[in-house]
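All remarks here apply to the structure that follows.
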Amino acid sequence: MKLIKKLLKVLGGLIILGLITFGILYAIYNKPLPEGKTGPEADVLAQKMLKAINYEAYQDTRFLEWSFAGGTHNYKWDKVRGRVEVKWDDYTVDLNLYDISKSLVTKEKSTLTAKESRDIWHTAWDYFNNDSFWLVAPFKVFDAGTERGIVKLDDGSDGLLVTYSSGGSTPGDHYLWKLNSSGFPESFRMWVQIIPIGGIKATWDDWQVMESGTFLSTSHQLGPMTLDMGKVKAYN
């Protein structure tokens, strides 16, 4: 009984310490969501970014390949057919982006029930929505359900605030892009459902021109963590 009381006391202390730590981090890093000025000027700034990364070439690109989560999620996306081959662990999903119920799931050396297959293709859908955003987010600023606004940044430049009111797995997220003078994306700050601290910054680094002619960022710095997109390919 005494041992249990000691364990509970230690556990309670760890919880309190965790709450205090979170409170300190929240106070230091949390930023309120800025209000963007919507209208033609915001759309012009968004178009400037799309031109810088060669959006026309991206539209004509058929295949995109990359990996995520330290190489544990692997993708080959056929944009023309609306199909994505998603691989992780011993699962392979032929994900149908037009009708998820028509997706196909296989697991090495196993037979899956209908319910197991549904659960896995929904997991693949969530993986794809998150992991593809880290690859092609700059190209999605005019997606259906988006709103664009201009925010004056601390350095006096104009930032592009993009709000997603629908689509993906977490509608309602906000991203404030910082662009260089030519319109190339350098970073964004996020106000998203899955991160309780608002305004966390992620860089968009290691831009490469792909075989198809479009530009893609192949790594991101998120605090002390590096998100490596693996061996990125874009071709026809």
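With r defined as the distance between the Cβ atoms of residue 63 and residue 90 and R0 fixed at 30 Å, what FRET efficiency is calculated, to the nearest 0.05?
Result of the calculation: an efficiency of 0.80.
Tell me which DSSP H helices of the chain clear both cut-offs, 24 Å or more of axial length from alpha-carbon atoms and a mean Kyte-Doolittle hydropathy of at least -0.5.
In the chain, the long hydrophobic H runs are 2-29.
Mind checking which of 156, 145, 199 has the largest fluctuation in a GNM of the chain, springs on alpha carbons under 10 Å?
Among 156, 145, 199, the largest GNM mean-square fluctuation belongs to 156.
Starting from the coordinates of the alpha-carbon atoms of region 49-153, obtain the Kirkwood hydrodynamic radius over all distinct pairs and give the value in Å to one decimal.
On the way: mean 1/r = 0.0654 Å⁻¹.
Final number for the Kirkwood radius of region 49-153 is 15.3 Å.
Tell me, what is the per residue accessible area of the chain in Å², probe radius 1.4 Å? Write out the running numbers ahead of the final one.
On the way: 13530 Å² over 236 residues.
It amounts to 57 Å² per residue over the chain.
In region 90-236, carbon and sulfur make up what percent of the accessible area (probe 1.4 Å)?
52
Roughly speaking, what is the centre-to-centre gap between region 93-109 and region 115-179 when only Cα atoms are used, to the nearest Å?
If you average the Cα positions of each part, the centres end up 23 Å apart.
What does the charge count near residue 102 come to, summing +1 for each Lys or Arg and -1 for each Asp or Glu among other residues with Cβ under 15 Å from its Cβ?
On the way: positive: 81, 83, 118; negative: 78, 85, 94, 99.
Around residue 102, the surrounding residues sum to -1.
May I have the pair-distance distribution P(r) for region 162-236, computed from all Cα-Cα distances with 5 Å bins from 0 and rounded to whole percent?
3, 14, 19, 22, 21, 16, 5, 1
Work through the residues other than residue 236 whose Cβ is under 9 Å from its Cβ and net out their charges, Lys, Arg +1 and Asp, Glu -1. The partial results should precede the final answer.
Numbers: positive: 62; negative: 60, 211.
Once positives and negatives cancel, what remains is -1.
Ignoring everything except DSSP H segments at least 4 long, calculate the 222 nm mean residue ellipticity for the chain; use -39,500 (n - 2.57) per segment, divide by total residues, nearest 500.
So the calculated ellipticity at 222 nm is -10000 deg cm²/dmol.
Determine by what factor the alpha-carbon radius of gyration of the chain differs from 2.2 N^0.38 Å, reporting the quotient.
In units of the 2.2 N^0.38 Å rule of thumb, it is 1.18.
Compute the distribution of all C-alpha to C-alpha distances in region 29-93, in bins of 5 Å from 0, and list the percent of pairs in each, rounded to whole numbers.
Cα pair-distance distribution for region 29-93, in percent: 4, 13, 13, 12, 13, 14, 15, 12, 3, 1.
The values are calculated or read from the model by the stated rules, or taken from the named source; none is laboratory data. Everything numeric in this text was worked out from a predicted model, so none of it was measured. Here the Cβ is made from the backbone with ideal geometry for all residues, glycine too, and neighbour counts use every protein chain on show. Accessible surface is based on the protein model in full, side chains and every heavy atom, while ligands, DNA and RNA are left aside. Shrake-Rupley method; radii C 1.70, N 1.55, O 1.52, S 1.80 Å.
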